Amino acid sequence: MKKPPFILSIAGGGSTYTPGIVKSLMVRLTDFPIAEIRLYDIDSQRQDVIAPVVEKVIRDHSDNIKFTVTDDPETAFNGAHFVFAQMRVGQYAMREQDEKIPLRHGVVGQETCGPGGLAYGLRTILPMVELIDFVEKYSDNAWIVNYSNPAAIVAEGVRRLRPNAKVLNICDMPVAAMRNMAAVLGVDRHDLDVDYFGLNHFGWFSSIRVKGEEKLPQLREHIAKFGLLTEDAAQTDPQHSDPSWVKTWRNIQPLMDAFPEYIPNPYLQYYLMANDIVEHQDPEYTRANEVMDGREKRLFEAARVYKETGILPDAFHVGVHGAFIVDVACSLAFDLRQRHLVIVENKGAITGLPFDAMVEVPAYITAHGPEPIRIGDIPRFHQALLEQQLASEQLLVEATLEGSYEKALQAFTLNKTVPSVVHAKKILDDMIEENKAYWPELRKQYKNGKLIA
């Protein structure tokens, strides 16, 4: 067990989420003492804009914490105890392409689901492995708590390429859903005890308990009227409360009208309501544009104002994103064995899925890593959906590692958001052109029906 105070590095220090994560750390210094925070980003220009805001947040709470900003991996990770990873390879310019290319072909445009998520995965697996290698080379046997999307594909790539790496993959989406459930029930998020099964961004809550009492029937009744929102749609976390997110939370209602047994992850709308989603998406102005014109612009403007006046506007928030990663880090650091929803190797947790599948389930977080909780059998409908999605994600990883065009095409074709192989091929070919600077080369093995490689 590592001894505090800790040296913490944040990979992807130029992210607009960084100030909120650091604020979450600052309000938890009693729980998670810190000696130094290091920001690391290959885009030093962007990071240098964000860094003064982060330092202001730190100094509002402590004059003793050392603060380092660097684009050098040795400086970033030398002796570090924990690394929070939040990479966005290609930044928002490539996210915009991930969303708009599928929409040009009448297919869901979303950054982590469907073709957009597959494209993002092809960009992220190898840079994530490079980060792991840096951390293992320079750090003090650090735990990497990984927020980098698409988390399911990144986790599968890491499992194959660096199976012994100390990486815990997490996602705040189930926790955000729990926050909304807690608001509906009038309790604190931490009062919820939930059962959940699936893959990242592709799962279901099968039980929600408060002090041992099952609340799923009460939540079903509420969702049938309002979706997974409070009656006035008031949210406690601005990250998930703008108009596009309000619609996402409301879309849980038609999903549960059709399949009322479990509460779905909100991202299942992209797979089970694909036509409706495409119909209501603007191919010229997607979520990427919304974020660039919203959160991104607000924080960069606040950084400018702070630089000029010394006054920091209220341009970022502390929500479940930052709070969850600190919860997990505390449990790792002090062997708290807290129960959290995380992405782990299945190892029999979900009966019927492969032993080595990277699934999202409750686990006890210990100093030695996560101990998944057994879910057991799941209904055939849910298992079949998971098997199809898992195959798509695993083929995408194989395409990345082998440089295989055919396996990439299979991954796109198998994805439930894609209507046909014709759509899959057109989207993949367009994405190859846009991702030349980021993707490994995808070589064709067959030409005119003949094996060429």
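The values are calculated or read from the model by the stated rules, or taken from the named source; none is laboratory data. Keep in mind the model is a prediction, meaning the values are calculated, not measured. Methodologically, a virtual Cβ is constructed for each residue, glycine included, from the backbone with ideal geometry; neighbour enumeration extends over all protein chains shown. With ligands, DNA and RNA removed, areas are computed over all heavy atoms of the protein, side chains included. Shrake-Rupley method; radii C 1.70, N 1.55, O 1.52, S 1.80 Å.
Assorted remarks:
- The portion of the accessible surface of region 18-95 made up by carbon and sulfur, rounded to a whole percent, is 42 (1.4 Å probe; DNA, RNA and ligands excluded).
- Point-charge dipole on Cβ atoms (K/R +1, D/E -1) for the chain, about Cα centre, debye to 20: 560 debye
- Apolar share of the accessible surface for region 312-428: 54 percent from carbon plus sulfur atoms, 1.4 Å probe.
- Computed about the Cα centre, the dipole magnitude for region 375-453 is approximately 340 debye when only Lys and Arg (+1) and Asp and Glu (-1) carry charge, each at its Cβ.
- His81 exposes around 30 Å² of accessible area when a 1.4 Å probe is run over every protein chain in place.
- Solvent-accessible area per residue for region 172-288 (1.4 angstrom probe, square angstrom): 42 Å²
- Maximal additional length on extending the Ile452-Lys3 stretch stands at 156.0 nm, based on 0.36 nm per residue less the C-alpha distance.
- A probe of 1.4 angstrom, applied to the heavy atoms of all protein chains, finds Phe67 with accessible area near 40 square angstrom.
- Accessible surface of Thr413 - all protein chains present, 1.4 Å probe, nearest 10 Å²: 50 Å²
- Inter-label distance, nm, simple model (7 Å from Cα along the C-beta direction), Asn141/Thr309: 5.0 nm
- Charge context of Ala329, other residues only, Cβ under 13 angstrom, K/R +1, D/E -1: 0
- Fraction of accessible area attributable to carbon and sulfur, region 179-268 (%, probe 1.4 Å): 50 percent
- Cut-off 14 Å (backbone N to label point 7 Å along Cα→Cβ of Arg374), residues of region 345-362: 347-352
- Shown are Tyr270, Tyr17, Tyr446, whose ranking by accessible area with a 1.4 Å probe and every protein chain present, most to least, is Tyr446, Tyr17, Tyr270.
- Nearest-0.05 FRET efficiency for Glu74 and Asp257, computed from C-beta distance (R0 60 Å): 0.65
- Given (1) 0.89; (2) 0.95; (3) 1.00, the label whose value is Cα Rg over 2.2 N^0.38 Å derived from this model: (2)
- Solvent-accessible area per residue, Å², over region 16-59 with all protein chains present [probe radius 1.4 Å]: 36 Å²
- Cross-link pairs Lys215/Lys247; Lys100/Lys166; Lys100/Lys416; Lys56/Lys100; Lys23/Lys307 - those with Cα-Cα distance over 28 Å: Lys100/Lys166; Lys56/Lys100
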